[in-house]
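One structure is given here, and the rest of the page talks about it.
The values are calculated or read from the model by the stated rules, or taken from the named source; none is laboratory data. These numbers come from a predicted model, not from an experiment. Cβ: placed from backbone, ideal geometry, glycine included. Neighbour counts: every protein chain shown.
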Amino acid sequence: MGRGPGDISTPARLADPGEGIGPDELALAARNHAMPPEALRYDVTPPGLHYVLTHYDIPAAEEDGWELAIGGRVRRPLVLGPDELRSRPAVTLRVTLECAGNGRALLSPRPVSQPWLTGAVGTADWTGVPLRDLLREAGVLPGAVDAVFTGADHGVERGVEQDYARALPIGTALGEADEVLVAYAMNGGPLPPQHGRPLRLVVPGWYGMAHVKWLRSVTVTDTPFDGFQQAVAYRLRQGADEEGEPVTRIAPRALLVPPGFPDFMSRTRVVRPGPVPLEGRAWSGGGPVVRVEVSADGGCSWRDAELDPEPADGSGRWAWRRWRFDWTAEPGRHVLGARATDARGARQPVRPPWNRGGFANNEVQRLPVLCAAVDDGPADDDAATGRDGPAAGR
Ligand SMILES: Nc1nc2c(c(=O)[nH]1)N[C@H]1C(S)=C(S)[C@@H](COP(=O)(O)O)O[C@H]1N2
Ligand SMILES: [Mo]
């Protein structure tokens with residue numbers, strides 16, 4: 001760790017100019033995997049392709065004997081097992097989940113942490129019991145401020161030993177609009193271990209850190225929760241000493257299904273001249289995405305993409321939406337990107353919004369594309385910056 005135990009105040013480090021990803025970050029990047037961008041083609045992310053982020057270890061957590069304790073400032077504390085939850089009216093929500101650190105590794109200076117590019121996102125159908133039903137049954141007492149959610153995983157972070165825990169304001173936890181779930185199923189099956197088996201919180205529209213996995217307790221408090229993941233991590237700060245603003249809802253973002261085929265090392269896309277149908281997904285935690293625009297020149301000029309209609313039954317309100325755009329590729333190099341605007345008018349910036357933790361960087365994607373005819377084979381072109389041309393299979 002390189003930091004003394006108990007040294008709570010040590011801020012997250014910023015990489016030195018030109019400093020590459022080190023072994024610690026590589027280890028995090030390898031265990032917390034991204035969703036491959038081609039998986040943006042699916043409405044629901046297939047099993048195993050959804051991104052994963054776990055601060056510590058995946059705990060040994062199984063259904064048998066698991067208990068969720070609901071207590072604190074409530075009239076009737078409850079202890080419920082997965083079977084008792086399953087016997088209650090169930091709700092299934094399609095939710096796009098995104099890590100607050102998505103885009104962090106694109107920042108300069110780069111906050112040293114899990115070095116996400118843009119793949120820390122995925123969409124799943126989560127089934128469970130509305131949290132408000134459980135809190136109503138327990139009877140929240142007057143003066144309640146926060147509901148604190150604690151997971152079974154344990155670790156040390158910047159010198160602070162802790163169980164992973166996050167809170168929501170009691171109004172959000174009880175809210176009709178936010179539809180917070182205590183989920184026991186993902187895509188119709190039990191939660192996989194890495195996604196929180198046997199129980200997790202799902203907070204539609206909020207960044208990933210709020211969706212506490214391996215959930216073992218919900219504690220209603222009459223003072224604001226000041227645990228590490230609430231008061232120290234996940235705050236938007238410019239300077240290390242600022243209190244900062246809490247990270248909450250997902251900022252709008254659109255990404256492309258990469259067109260054509262990739263170069264092995266650089267991931268530059270190779271397409272042929274002529275019509276290239278583009279598609280991607282767009283989402284926001286601030287209301288539905290109402291507009292997506294596409295740029296083929298790195299964000300200088302924009303044209304409207306076509307958004308798929310929202311499902312009439314409202315089932316898509318927390319999920320990404322597909323968009324399409326008919327692009328005509330001309331020979332040469334291009335930088336593709338798309339930008340989303342949500343119902344509240346929030347629009348993705350072309351320049352990255354920087355903060356010390358590297359949170360909520362929803363800058364417009366920059367996807368390099370080389371358009372080349374078959375005869376001028378891109379293999380000789382330095383777009384294939386690796387040793388092998390794009391035709392060399394691996
Ligand atoms: N108990 C627990 N819950 C957790 C975490 C964790 O480390 N421990 N990580 C959070 C973060 S930062 C994210 S982005 C999401 C990731 O959820 P996923 O792995 O199911 O995609 O889980 C959240 N819930
Ligand atoms: Mo996250």
task: For Arg216, work out the one condition from (1) assigned to a strand (DSSP E or B); (2) not assigned by TED's automatic domain parsing to the domain that holds Leu168 it doesn't fulfil.
output: (2)
task: Among the numbered conditions (1) away from ligand 2 (no atom under 16 Å from the Cβ); (2) small (Gly, Ala, Ser); (3) surrounded by fewer than 21 Cβ atoms within 10 Å (Cβ to Cβ), tell me where Ala254 comes up short.
output: (3)
- prompt: Within segment 298-316, is there a residue that is under 21 Å from the mean Cα position of the chain (by Cα) and in the same structural domain as Ala360 (by TED's automatic domain parsing)?
  reply: yes
- prompt: Given (1) out of contact with any strand residue (DSSP E or B) (no Cβ under 6 Å at 6 or more places or on another chain); (2) charged (D, E, K, R); (3) modelled with pLDDT of 95 or more; (4) surrounded by fewer than 20 Cβ atoms within 10 Å (Cβ to Cβ), where does Arg88 come up short, assuming only one miss?
  reply: (1)
query: Does Asp153 qualify as being without any contact (Cβ under 8 Å) to a residue 40 or more places away in the chain and not in a helix (DSSP H, G or I)?
result: no
- request: Name the residue, out of Thr127, Thr123, that is within 16 Å of ligand 2 (Cβ to nearest atom), closer than 24 Å to Ser315 by Cα and out of contact with any Leu (no Cβ under 7 Å at 6 or more places or on another chain).
  value: Thr123
message: Checking the conditions here, which among Pro77, Pro115 is under 30 Å from Val156 (Cβ atoms), touching a residue at least 24 places away in the same chain (Cβ under 8 Å) and more than 16 Å from ligand 2 (Cβ to nearest atom)?
response: Pro77
- prompt: Would you say Leu201 is touching a residue at least 40 places away in the same chain (Cβ under 8 Å), aliphatic (A, V, I, L, M) and more than 14 Å from ligand 1 (Cβ to nearest atom)?
  reply: no
- line: Over segment 184-210, the set of residues within 23 Å of Arg253 (Cβ to Cβ), away from ligand 2 (no atom under 16 Å from the Cβ) and not in a loop (DSSP other than H, G, I, E, B) is Met186
query: Within segment 71-85, how many residues are in a strand (DSSP E or B) and either surrounded by 15 or more Cβ atoms within 10 Å (Cβ to Cβ) or under 24 Å from the mean Cα position of the chain (by Cα) (or both)?
result: 4
- request: With respect to Trp66, determine if the residue is part of a loop (DSSP other than H, G, I, E, B), within 16 Å of ligand 2 (Cβ to nearest atom), farther than 22 Å from Thr221 by Cα and among the aromatic types (Phe, Trp, Tyr).
  value: no
- request: State yes or no: is Ala173 in contact with a helix residue (DSSP H, G or I) (Cβ under 6 Å, 6 or more places away or on another chain), closer than 21 Å to Val95 by Cα and within 16 Å of ligand 2 (Cβ to nearest atom)?
  value: no
query: Hey, among the residues in segment 213-224 that are more than 17 Å from Pro142 (Cα to Cα) and surrounded by fewer than 21 Cβ atoms within 10 Å (Cβ to Cβ), which one's nearest to ligand 1 (Cβ to nearest atom)?
result: Arg216
task: Please indicate, with yes or no, whether at least one residue in segment 98-109 is near ligand 1 (Cβ under 9 Å from one of its atoms), in contact with a helix residue (DSSP H, G or I) (Cβ under 8 Å, 6 or more places away or on another chain), hydrophobic (A, V, I, L, M, F, W, C) and not in a strand (DSSP E or B).
output: yes
